Amino acid sequence: MEALNSYARLHWAGRLPLWMAGGINGALVGVLAALGGLVVFRWASAWQPRSGVGPLFAHLRGLYLLVFVNMAICLWCAVGAWRSACRYSLDRPASWGMLVKLVLILTVCFWVYHLRTGIG
């Protein structure tokens, strides 16, 4: 558990190599978290409560918690990848760092668009 905690801190500080922060964390973890959120939204929109309002509110609490955790993971991925890209650009040509930053900006635009228009 301590190794995972240390890994999370290193990523947040931007001290992981760019290929790891942008490739593994940014792409793999970020995409999986975003897809998980899309699946949950699709499932929640199709779900119909069987009886009463009580189960609906319990379901919504769980859904809001899942969305909050999903957004926190996506934010962690984006911040760590951005900081790694900044650190990478200090030592080497800026092309890879700029590419990662561009992908992150496009990803945030995607998030904002879907939050404003709704999923689907």
Next on the checklist: Just to be sure I understand the filter: pairs with C-beta atoms under 9 Å, separated by 6 or more residues or on different chains, first member in the range 72-97 and on the phi < 0 side of the Ramachandran plot, second member surrounded by fewer than 17 Cβ atoms within 10 Å (Cβ to Cβ) and of a type in the set (S, T, N, Q). Which pairs pass?
Outcome noted: 89/95
Checklist entry - Is it the case that residue 78 is within 22 Å of residue 28 (Cβ to Cβ), assigned to a helix (DSSP H, G or I), under 15 Å from the mean Cα position of the chain (by Cα) and modelled with pLDDT of 80 or more? => result yes
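The values are calculated or read from the model by the stated rules, or taken from the named source; none is laboratory data. Keep in mind that what you see is a predicted model, and the values were worked out from it rather than measured. Cβ coordinates were reconstructed from backbone atoms using ideal geometry, including for glycine residues, and neighbour counts include every protein chain displayed.
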